[in-house]
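Below you'll find the structure, written out as structure tokens, and then a few comments.
The values are calculated or read from the model by the stated rules, or taken from the named source; none is laboratory data. The shown structure was predicted, so the numbers you read here are calculated from the model rather than taken from an experiment. When we count neighbours, we look across all protein chains shown, and the Cβ atoms used for this are built from the backbone with ideal geometry, even at glycine.
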Amino acid sequence: MMRAIKDLFVYLIDHDMIVYCEGDKYPTFLTARELAELSRDRKAFNVIKNTKYLFIDDLGAEPVEIADYGNFIYPYIDVLEYRYDMLLPTFISSNFSASDLSNKYESERVTDRMKEMFQIISFKEDSFR
């Protein structure tokens, strides 16, 4: 679903229906696990944090914290709080419910940010995996 929404953005940009003039021509799409891996590279991670439109697929499948030479990084929390403060549009998809994500990240602050930033669209269909 998230790839389809991203592809819609690309179509609208290519047909001059959306003006997208900051940085890369297209929005950034990555999985939550890719976000976690990128968090070790501070320069690349800052680029992701600052992209105009960010699409994160499969939130909840990544580790909450990453240990990097004795430092602990919280990739999703860092991105979420930064993008919240900067008013940057963020799209996420997850197989987890809002309460499951709240329990995973164990932070009322994150839960409050998510409630404010996202419009939850729930699909109650059988899984085909």
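Here are the numbers:
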item	result
Residue match in the range 109-122 (condition: polar (S, T, N, Q) and at pLDDT 90 or above)	no
Test: residue in the range 88-95 that is part of a strand (DSSP E or B), polar (S, T, N, Q) and within 25 Å of Asp7 (Cα to Cα)	yes
Residues that are crowded, with 17+ Cβ neighbours inside 10 Å and either in contact with a strand residue (DSSP E or B) (Cβ under 8 Å, 6 or more places away or on another chain) or more than 17 Å from Asp112 (Cβ to Cβ) (or both), drawn from the range 75-89	Pro75, Tyr76, Val79, Leu80, Arg83
Qualifying residue in the range 44-65 (condition: at pLDDT below 85 and among the small types (Gly, Ala, Ser))	no
Given (1) in a loop (DSSP other than H, G, I, E, B); (2) in contact with a strand residue (DSSP E or B) (Cβ under 9 Å, 6 or more places away or on another chain); (3) over 25 Å from Asp7 (Cα atoms); (4) not acidic (Asp, Glu), number of the condition Lys52 does not satisfy	(3)
Identity of the residue in the range 27-64, acidic (Asp, Glu) and surrounded by 15 or more Cβ atoms within 10 Å (Cβ to Cβ), that ends up farthest from Ser99 (Cα to Cα)	Glu37
